[in-house]
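K.L.:
What follows is a structure written as structure tokens; I'll ask about it next.
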Amino acid sequence: PAFCVGARAVLTGCHAVSDARRARIRTDRGETYSVVGVLARDEEADLALLQVEMDAAFPRRLTVSTLEPVEGRRVCVVGGPFDRDGGCCPSYGVVLGKTYEASTFRVRVPASPGWSGAPVLDEHGEVLGVTQALVGPVTLAVGPSTVKALIDSGSGRTAVSMEKAAARGVYGRPE
């Protein structure tokens, strides 16, 4: 999954595009757009901020929560499992708490392979995190401060083309 965080910017899992020489984004309305390039990436957090080629800005964008995940907080993950034809579906769950790494947290939510890079939304529809991996019945997610830092680092940058990013070996160091 990928989701809109700026006028022409989407956020997704870094591993999903790390070797791609080109990519396309398909919206929930079935519209497709070419990815121009990489604005920013964080391999450790498995996040990539991509610039999308389109005539107008995305009509709907998600904002990042200013609140940190708290144990017991109800959340909704909007993902696209491999067994669906590119569609997204919501899955509801609860925050279980932080992990040993301060920037990640655990969520109990029904999920399946293909959900990494999906937004974890709080009760206000803001991004509380981005899913990284499934570990049994638990989903690991990167917290809002890491997500916001990546978005801020890509703001105002010129995108590195997907082809150049893939050819660099160490995935796309935007300059």
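K.L.:
Modelled with pLDDT under 85 and touching a Lys or Arg at 6+ places or on another chain (Cβ under 7 Å): is that true of PRO113 in this structure?
P.N.:
Considered against the rule, which asks whether it is modelled with pLDDT under 85 and touching a Lys or Arg at 6+ places or on another chain (Cβ under 7 Å), PRO113 comes out as no.
K.L.:
Right, something else. Closer than 27 Å to ALA40 by Cα, touching a residue at least 60 places away in the same chain (Cβ under 8 Å), in contact with a Phe, Trp or Tyr (Cβ under 9 Å, 6 or more places away or on another chain) and hydrophobic (A, V, I, L, M, F, W, C): which single residue out of VAL120, VAL78 fits that description?
P.N.:
VAL78
K.L.:
Within region 41-61, is there a residue that is without any contact (Cβ under 8 Å) to a residue 24 or more places away in the chain and open to solvent by less than 40 Å² (accessible area, probe 1.4 Å)?
P.N.:
No, region 41-61 contains no residue that is without any contact (Cβ under 8 Å) to a residue 24 or more places away in the chain and open to solvent by less than 40 Å² (accessible area, probe 1.4 Å).
K.L.:
Given (1) open to solvent by less than 40 Å² (accessible area, probe 1.4 Å); (2) over 17 Å from VAL75 (Cβ atoms); (3) at pLDDT 80 or above, where does TYR171 come up short, assuming only one miss?
P.N.:
(3)
K.L.:
Is one or more of the residues making up region 24-37 closer than 14 Å to VAL130 by Cα, touching a residue at least 60 places away in the same chain (Cβ under 8 Å) and acidic (Asp, Glu)?
P.N.:
Looking for residues that are closer than 14 Å to VAL130 by Cα, touching a residue at least 60 places away in the same chain (Cβ under 8 Å) and acidic (Asp, Glu), one finds none in region 24-37, hence no.
K.L.:
Scan ALA102, ALA57 and give me the residue that is in a loop (DSSP other than H, G, I, E, B), small (Gly, Ala, Ser) and over 17 Å from PRO144 (Cα atoms).
P.N.:
ALA57 is the lone residue from the list that is in a loop (DSSP other than H, G, I, E, B), small (Gly, Ala, Ser) and over 17 Å from PRO144 (Cα atoms).
The values are calculated or read from the model by the stated rules, or taken from the named source; none is laboratory data. Owing to the predicted nature of the structure, the values given are computational and were not obtained by experimental measurement. Using ideal geometry, Cβ is built from the backbone for each residue, glycine included, and neighbour counts are taken over all protein chains shown. Only protein heavy atoms, including side chains, enter the accessible area calculation; ligands, DNA and RNA are left aside. Shrake-Rupley method; radii C 1.70, N 1.55, O 1.52, S 1.80 Å.
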